[in-house]
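Notes to accompany the following structure.
The values are calculated or read from the model by the stated rules, or taken from the named source; none is laboratory data. Everything numeric in this text was worked out from a predicted model, so none of it was measured. Reconstructed Cβ throughout: ideal geometry from the backbone, glycine too, with neighbour counts over all protein chains shown. All accessible areas refer to the heavy atoms of the entire protein, side chains included, with ligands and DNA or RNA removed. Shrake-Rupley method; radii C 1.70, N 1.55, O 1.52, S 1.80 Å.
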Amino acid sequence: MDRRAFLAGGSLSAMSYSLTGCLGNKQTTRSQSPDLVNPKDLPQTIGDITLFDAVSGIPVSGVGLVVGLQGTGGGTPPGEARKQFEEYVMRRIPAENRPTTKAMLDSPNNALVYISGVVPVGSRRNDRIDLALTLPENSRVKSLRGGYLVHSELSHYESKEAVRGFIKNQMGIEPGEGPNALLKGNIAVYAEGPLHAPMTSSEDLAARKKKGKKVVEIKESDENENTDDDILFFRKSFVWQGGRCRYDRPYYLLTNEDNHRAAMTKLISDRINQMVFGAGSGGLAPLAEAKNNVLITLMIPDQYRLNTPHFLRVVRAIPLQRVADQDSYRRKLRDMLQEPATALSAAIRLEALGKKSITILQEALDSPYPVVRFAAAESLAYLNHRSAIKVLGNLCEQHPVLQAFCLTGLASIESEIPAREEMDQLIQSNQPEIRYGVFRALHETDPNIPEIRGEKIMPRFRKDEDGKFIQDPYQHAFYLHINRSDKPGMVHFLSSHRAEIVLFGREPKLIPGAPLTIGEFTVTSNRKEDHCIIARSGSLGQQIKECSLDLASIIRVLGQLGATYAEVVHLIKQASELQSVNCTVVMDALPKAVPIPQLAEHCRKDPKLLQEMELLEAGSDYSESLPQLYDEGELLRTQNLAQK
């Protein structure tokens with residue numbers, strides 16, 4: 001069942017701030033004319049008469065089969081999960097090719113799992129999402145290590161109570177009472193991919209997020225991190241980017257009660273398509289489309305796809321009617337743009353007017369106030385103007401609170417060689433967050449860049465049930481990226497969202513001497529030699545390989561021998577703790593940022609951002625206003641809907 005059917009009858013959630021509120025229509029300590037910040041003197045905008053609904057992601061869930069386990073699976077008791085899987089097999093596999101579900105579910109190399117994920121609003125068909133896997137109650141599976149989730153289907157659900165509410169509010173019919181069971185909707189996501197062990201607890205992720213996503217340097221053991229046993233014998237798992245959306249999931253813009261008219265929704269959709277840069281040109285489908293007298297659907301244009309909150313602010317700032325005296329309006333916005341307290345709001349309003357605002361925005365790039373330069377440069381970037389490039393690069397290095405916004409803006413400038421040159425310089429920064437932030441931005445915009453593309457690391461062989469070595473069709477792969485330069489080396493890895501290890505700078509190497517071990521894998525070296533010995537002893541017999549001290553070579557050999565991403569990361573962390581690597585090792589070094597409302601409020605008392613570290617340490621609950629380019633990829637941590 002499609003969630004769209006319940007929009008008008010469901011609860012409405014507005015954005016957590018408005019253009020005339022937290023975006024900065026209050027006075028600073030500097031003198032101002034009251035007419036610069038009085039909302040009554042500004043034209044009515046789309047945001048004045050509409051609300052965004054469905055601004056949070058939509059949960060999806062289902063059941064699936066994990067294969068490729070090395071004797072640690074099997075044993076799924078009768079219950080709802082088993083019933084759902086049997087129905088899936090009956091529906092998807094022809095009778096002549098259908099194996100018995102008992103043989104599939106009871107095999108020691110397979111496991112039945114619940115799958116859950118969240119489809120972000122604004123996502124498009126074939127976009128990828130992260131998935132969480134859990135075992136059914138009383139499952140006898142020992143470990144999901146090395147498993148692979150085969151093709152599965154995930155659906156969204158609605159409660160009967162929501163259906164009754166829709167019927168009552170929209171059709172005027174009083175539905176009968178009954179149990180509030182869940183109703184299965186359409187298949188929304190296809191799921192498949194290699195499993196990865198939990199790297200960090202949800203409490204650790206939340207703590208880092210509250211501290212502004214600070215770098216976690218791996219120098220000593222962290223008592224909160226998972227143990228060796230958690231990595232080797234885990235019963236909860238993730239498939240990063242393992243879900244593929246089946247259809248577009250637009251934003252829903254709803255008019256308020258005083259404006260429930262078809263003519264109004266048509267006017268709003270027309271204004272969005274006319275004013276947003278790039279919309280409605282080249283024969284492309286319109287971004288906004290009026291559906292009825294209440295609802296407008298809204299898709300995200302390409303230049304805003306890495307920062308949808310910014311796009312939503314721009315949409316809300318579009319004047320509802322053509323401004324009679326646009327020159328006067330722009331002059332007012334020019335004055336507002338020069339004031340730190342109103343700069344963020346003014347820049348959004350100017351951006352909403354399109355390319356004719358470029359000259360005014362450029363004037364603000366020489367302001368003595370960082371927030372003014374930032375507001376102007378960010379809007380110029382989304383208007384695809386190269387004058388923003390150098391300013392955003394400088395602000396990124398000088399002001400940590402702006403890192404994520406600046407890098408996202410640079411990544412959004414289309415087909416500009418100077419933008420790429422600026423990012424190539426930034427990737428040499430001494431700040432790990434900027435270094436990795438540039439890598440991630442480049443990977444998102446063009447994953448085929450030679451120094452960004454990377455290589456897939458996977459095991460070469462495994463033993464089948466008869467003890468023979470075969471090519472592994474279900475590979476628990478991860479990615480290795482190497483970005484060489486003459487700068488100091490750095491190793492970066494993620495605890496969520498993508499299984500990747502990135503090596504920066506001068507060749508990261510192992511310092512010989514200390515033995516490293518996890519599970520079946522050991523790495524030993526002698527200080528008098530220029531190589532190390534990598535061994536795997538256990539279920540596949542003993543395998544030994546000699547390897548250079550180059551970390552890239554060590555990672556490749558470990559992967560070929562069957563080490564999972566979590567095990568390779570664990571060994572690198574061990575080496576760092578023992579001071580056995582010649583470079584810095586960092587985890588989740590995501591660029592810092594603070595929400596726009598919090599930034600605007602802070603700049604009223606600190607217009608030159610002299611106390612920005614206090615701002616970073618304060619934390620915030622406005623995560624929905626941050627660019628999703630540097631989202632940590634956390635999944636909805638609630639009970640799987642399919643279990644209810």
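Tabulated values for the structure
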| quantity | calculated |
| --- | --- |
| Failed item in (1) surrounded by fewer than 17 Cβ atoms within 10 Å (Cβ to Cβ); (2) under 26 Å from GLN598 (Cα atoms); (3) within 24 Å of the chain's Cα centre (by Cα), with GLU414 passing the rest | (2) |
| Per-region count, segment 560-580, residues among the small types (Gly, Ala, Ser) and under 19 Å from SER237 (Cα atoms) | 3 |
| Unmet requirement for ALA375, which otherwise passes all of (1) surrounded by fewer than 18 Cβ atoms within 10 Å (Cβ to Cβ); (2) assigned to a helix (DSSP H, G or I); (3) not aromatic (Phe, Trp, Tyr) | (1) |
| Given (1) modelled with pLDDT under 90; (2) in a loop (DSSP other than H, G, I, E, B), index of the condition ARG420 fails | (2) |
| THR134 modelled with pLDDT of 80 or more, crowded, with 16+ Cβ neighbours inside 10 Å and out of contact with any helix residue (DSSP H, G or I) (no Cβ under 8 Å at 6 or more places or on another chain) | yes |
| Within segment 54-70, tally of residues that are surrounded by fewer than 22 Cβ atoms within 10 Å (Cβ to Cβ) and at pLDDT 80 or above | 5 |
| Every pair of residues 6+ apart whose Cβ atoms lie under 7 Å, when the first sits in segment 355-367 and is part of a helix (DSSP H, G or I) while the second is surrounded by 12 or more Cβ atoms within 10 Å (Cβ to Cβ) and of a type in the set (Ser, Thr, Tyr) | LEU361/SER379; GLN362/SER387; LEU365/SER387 |
| Residue identified as more than 16 Å from ILE511 (Cβ to Cβ), modelled with pLDDT of 85 or more, hydroxyl-bearing (Ser, Thr, Tyr) and not in a loop (DSSP other than H, G, I, E, B) among SER537, SER553, SER576 | SER537 |
| Unmet criterion (only one of (1) modelled with pLDDT under 85; (2) surrounded by fewer than 17 Cβ atoms within 10 Å (Cβ to Cβ); (3) under 20 Å from PRO250 (Cβ atoms)) for LEU51 | (1) |
| Residue identified as open to solvent by 30 Å² or more (accessible area, probe 1.4 Å), closer than 16 Å to VAL371 by Cβ and out of contact with any Ser or Thr (no Cβ under 7 Å at 6 or more places or on another chain) among LEU599, LEU616, LEU578, LEU610 | LEU610 |
| Residue in segment 88-111 that is among the small types (Gly, Ala, Ser) and either part of a strand (DSSP E or B) or closer than 19 Å to ALA191 by Cα (or both) present | yes |
| Candidates ALA288, ALA324, filtered to the one that is in contact with a helix residue (DSSP H, G or I) (Cβ under 8 Å, 6 or more places away or on another chain) and not polar (S, T, N, Q) | ALA288 |
| Test for GLU433: is it outside any helix (DSSP H, G or I), open to solvent by 10 Å² or more (accessible area, probe 1.4 Å) and in contact with a helix residue (DSSP H, G or I) (Cβ under 8 Å, 6 or more places away or on another chain) | no |
| Among residues of segment 122-137, those that are outside any loop (DSSP other than H, G, I, E, B) and more than 15 Å from the chain's Cα centre (by Cα), counted | 2 |
| Segment 333-354, residues that are assigned to a helix (DSSP H, G or I), crowded, with 19+ Cβ neighbours inside 10 Å and not hydrophobic (A, V, I, L, M, F, W, C) | SER345, ARG349, GLU351 |
| Residue count, segment 514-544 (criterion: out of contact with any His (no Cβ under 6 Å at 6 or more places or on another chain) and surrounded by 14 or more Cβ atoms within 10 Å (Cβ to Cβ)) | 18 |
| Complete set of residues in segment 379-411 that are touching a residue at least 60 places away in the same chain (Cβ under 8 Å), open to solvent by 10 Å² or more (accessible area, probe 1.4 Å) and under 23 Å from ALA352 (Cβ atoms) | ASN384, ALA411 |
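Results for (1) open to solvent by less than 30 Å² (accessible area, probe 1.4 Å); (2) at pLDDT 90 or above; (3) outside any loop (DSSP other than H, G, I, E, B), shown as yes or no for each residue.
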| position | (1), (2), (3) |
| --- | --- |
| VAL438 | yes, yes, yes |
| ALA441 | yes, yes, yes |
| PRO447 | no, no, no |
| PRO459 | yes, no, no |
| ARG462 | no, no, yes |
| HIS481 | yes, yes, yes |
| PRO488 | no, yes, no |
